[in-house]
Structures are given as C-alpha cells and as structure tokens.
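FYI, it's all coordinate maths here, none of it is from the lab. All values derive from a computational prediction rather than experimental measurement. Reconstructed Cβ throughout: ideal geometry from the backbone, glycine too, with neighbour counts over all protein chains shown.
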Amino acid sequence: MRNWLLPEYLEDVLPAEAARIEALRRTLLDLFKVHGYQYVIPPMMEYMESLITGAGHDLDLATFKVVDQLSGRLMGVRADMTPQAARIDAHLLNHQGVTRLCYAGSVLRTKPDGLAQTREPLQVGAELYGHAGVESDIEIQRLLIKALHAIHIDGIHIDFSHVGIFESLVQAGNIDANLEQALYQALQSKDQSAVAELAKGLDGKIKESLIHLTTLNGDRRVLEQAARVLPNTPAIQTALQSLAQVSQALVPLNVSVGFDLSELRGYHYHSGVVFAAYAQGYKGPLALGGRYDEVGVTFGRARPATGFSLDLRGVATALSPATLPKAILAPSEMNVDLAAKIDNLRDSGEIVIQALPDAVNNVIELNCDRELVLCAGEWVIEFIN
C-alpha cells in the first residue's frame, strides 16, 4: 500500500500556490474589514441539526457525518459556512440592528464540485443580517465585485435570478411538494418539454408561465419580457423590480449583467434575489450569493440575510502559475554584524535563508538568487551566477 496517496479529489497545496492563496485570502479579509464586516471562525464540526437545518437536502448529501464519541450524537464536518454564520448572528451575537460578518476556511464535501473540482474548497464569504431592503443586496453585490477586482479578476459578468418568481407560481398553482421538486429540476436543466409535461395538469396561465421561465434569460430586456408574459401578481412584480434595481446599481462598476429566471440554485433556502459571478478564463461561476431570510428561524430568530461566498482555490485555478519570491542566502557563520544585516533585510520584507553548517545548501532548491558576502568589512548583497 502506498501510504502517501491521498483520497480522490483531495490534494496538498504546495508552497508557491499556498503562498498565493494565503495572500489572496488576506487581501479579501482586509477588504471586508474596511467595509465593516467582522471576521468569525466557526468550528469545523457541529451537530447535524444545526449544521444543515434550513439549508436544504443538497447540503445534507454533501456533508460527511461522524458519531461524536463524547455524546453519541451525529455530527457533520461543515460543507458550507453560510449556515454557521447565520447561527452565530441569530443565537450568539443577538444584535438588534444590522450585523456584517465574514469568514474564510476550508469546508469538506462528499463529492467534488466547483472550479477546482475538489472536495475541500477554501470558502471565503461575507454575510449581512438584519436588513430586508434591496439596498443590502446591492451592498453585498458591490462588495463581491470589489473583492474580485482586488484579486485581479476582470471581465466580470453577474447573472441574476429571483426565487420568489417560481415560488409565487408554485403557490398560485397549488403545486404539491413532489411536483415542485420535479419542476425545479426540469427548470435547472432548462428542459422545456419536461416542464410542459409536468405542468400539463395545471391551470393554463401557470403552465404557460413555467414554460416561459425556461426562455427568460439574457440582458435587461428579459425583465420587460417577463413583465408581459408572467402573471401580474404583487410578488412577481416586486421580484422584477428588485432585479431591475440591483442590476442598475452595478452599472457604474463596469461589469456586464444578465438574467436567467429559471436559475434556482439554492431554491430550498434562498428567498429573494440570487446571483452568480463569472469571468473570462473560468468555465463556471466564481462566486454564488443571494438572499436567505428564513434560515435564522431554525436558530430561534428570523433575520433578513444576504451574502455571497467563493472558493479561493477554485479562483486560483485560472491564474497564471504561482511562483515564490526569490530569497537571499546568508553564510552559516555566527557574526554580530551578519546577524544585524540579516535582521534588517528581513524587517524590510526580504526572505533571508541562513545556511546550516555541514548541510547541502542548493540555491535552486532554496530559491535563492542572491547571497550575502563580506566585502571590505561590510556585508553586501551580490547576485549568484
């Protein structure tokens, strides 16, 4: 047996890539900080009841489960940090006003997904609690765009949808849970014939509206088309107005915007505007987000909530190959002047590696392109030939 082999879709991150991912993580957390988002570190494991409550069946399937040796209760390794942040807001902080939280940490999933096709994404996200207006949706979306720009991602495209539209049609058509799930899956695949077959027993207007959802995708003109072909109910009109507002607010940020009203990702816990961010060079979404006002109910306090998250390891997949900064090699001798010189260089941000006696100091393996040499009584830096 080869003991060094890792399970499928789990991998080590080597020094150059690890250094870059850590630098990106710090950049994002610093950006969140100056926007008022406070950093939290939830535990890697929780009881299953709190880890997936209100988050839908998909998260249950994605969660590794273990039995707690202390209590005998079923625990899960977190597959998504969003419910954990919602629990912290609702049960621990207990603020009456707006709360802004952010997080960054590894999550573990039973099957690979995302851009990196890994079972261990590095999830970074920001969440805003306590405000139900479209202004908080806009704040979150603007923060996401700033975050992507901060890590040098350009050509950003944001796709919007609103789960309230499908939810309104389900309620108007008195659609039962089994048919609702089947329609949800058909809409996700944009299978118009499957939607038509599933909806054949429904009221004619509801059936037509569900079929229309499969084609309502494109630029801002989609909203005008949706207003014409969908029922003129308060819920649907409010949803379309919200989509128009959030998309218009992003115009100054130089991003393209689209709409896909059949996109219901996270339908079982989202409750309003949902969005996905794309960029040139990436074959899938970089970040996902939306409104999820009902999740906090399971933790004893209903709070309006909106946020986004991204997999930092996935984001790094389309960047140019990572390289480590070059270092300076210092001799192994013990010398007060040499030690002072090394300390000064390190304080200025240089990487200085002091050679060890009786060891192989390969400058290529150590990634050194310069060395400290004694010249006329002073320690100076020279390039290594």
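Each Lys and Arg Cβ is given +1 and each Asp and Glu Cβ -1; about its Cα centre, the chain then shows a dipole of about 920 debye. Couplings 3J(HN,Hα) for region 365-377, derived from phi with the Karplus relation 6.51 cos²θ - 1.76 cosθ + 1.60 (θ = phi - 60°), are 5, 7, 6, 9, 10, 9, 9, 8, 10, 8, 9, 6, x Hz, where x marks Gly and Pro. This structure gives volume of the Cα convex hull per residue in Å³, computed directly, and of (i) 215; (ii) 194; (iii) 126 that value is listed as (i). Computed over every Cα-Cα pair of region 26-89 and binned at 5 Å starting from 0, the pair-distance distribution P(r) comes out as 4, 17, 24, 18, 15, 11, 8, 4, 1 percent.
Summing +1 for each Lys or Arg and -1 for each Asp or Glu, what net charge is found among the other residues whose Cβ lies under 14 Å from the Cβ of residue 31?
Working: positive: 25, 26, 33, 100, 142, 146; negative: 30, 139.
With Lys, Arg at +1 and Asp, Glu at -1, the neighbours total +4.
Here region 327-383 is assigned +1 on the Cβ of each Lys and Arg and -1 on the Cβ of each Asp and Glu. Its dipole about the Cα centre then comes out at about 60 debye.
With the charge dipole of the chain set up from +1 on Lys and Arg Cβ and -1 on Asp and Glu Cβ about the Cα centre, the Cα lying farthest toward the positive end among the listed residues 178, 15, 246 is that of 178. Label sites at residue 211 and residue 185, each approximated as a point 7 angstrom past Cα along Cα to Cβ, lie 2.2 nm apart.
Our helix-only sum for the chain, with -39,500 (n - 2.57) per DSSP H run of n ≥ 4 divided by its residues, gives a mean residue ellipticity at 222 nm of -10500 deg cm²/dmol. In plain terms, the bigger the Kirkwood radius, the slower the diffusion; for region 327-383, with that radius from Cα pairs, at 4 °C and 1.567 mPa s, Stokes-Einstein puts D at 112 µm²/s.
Per-residue 3J(HN,Hα) values for region 111-119, derived from phi via the Karplus relation 6.51 cos²θ - 1.76 cosθ + 1.60 with θ = phi - 60°, read 10, x, 7, x, 5, 7, 6, 10, 9 Hz in sequence order (x marks Gly and Pro). Close amide H pairs (under 5 Å, H built 1.01 Å from N) link residue 79 with 108, residues at least 5 positions away or on another chain.
Restricting attention to region 298-385, close to 50% of DSSP beta bridges with both partner residues there are antiparallel.
Which of the peptides 191-200, 69-78 is most tightly packed, and how do the rest follow, going by the mean number of other Cβ atoms within 10 Å of each residue? Before the final figure, lay out the partial values.
Values: 191-200: 15.9, 69-78: 13.7.
My ranking of the peptides, most packed first, is 191-200, 69-78.
When only Cα pairs below 8 angstrom with a gap of at least 6 residues are kept, the chain shows a relative contact order of 19 percent. Between region 220-295 and region 113-172, the C-alpha centres lie 10 angstrom from each other. Along the charge dipole of the chain, Cβ charges K/R +1 and D/E -1, which of 66, 359, 165 sits furthest on the positive end? Projecting each Cα onto the dipole axis, the largest value belongs to 165. Computed about its Cα centre, the charge dipole of region 246-373 is approximately 720 debye, with only Lys, Arg, Asp and Glu carrying charge at their Cβ. Here residue 96 and residue 336 are evaluated by their C-beta separation; at R0 = 51 Å the FRET efficiency comes out at 0.30.
In the chain, how many lysine pairs have Cα atoms under 17 Å apart, counting only pairs 8 or more places apart or on different chains? Spell out each step's value before the answer.
On the way: 33/146; 65/111; 190/200; 190/207.
Step by step, the pairs that qualify in the chain add up to 4.
Along the axis of the charge dipole computed for the chain (Cβ charges of +1 for Lys and Arg, -1 for Asp and Glu, origin at the Cα centre), the listed residues 99, 374, 332 are led at the positive end by 99.
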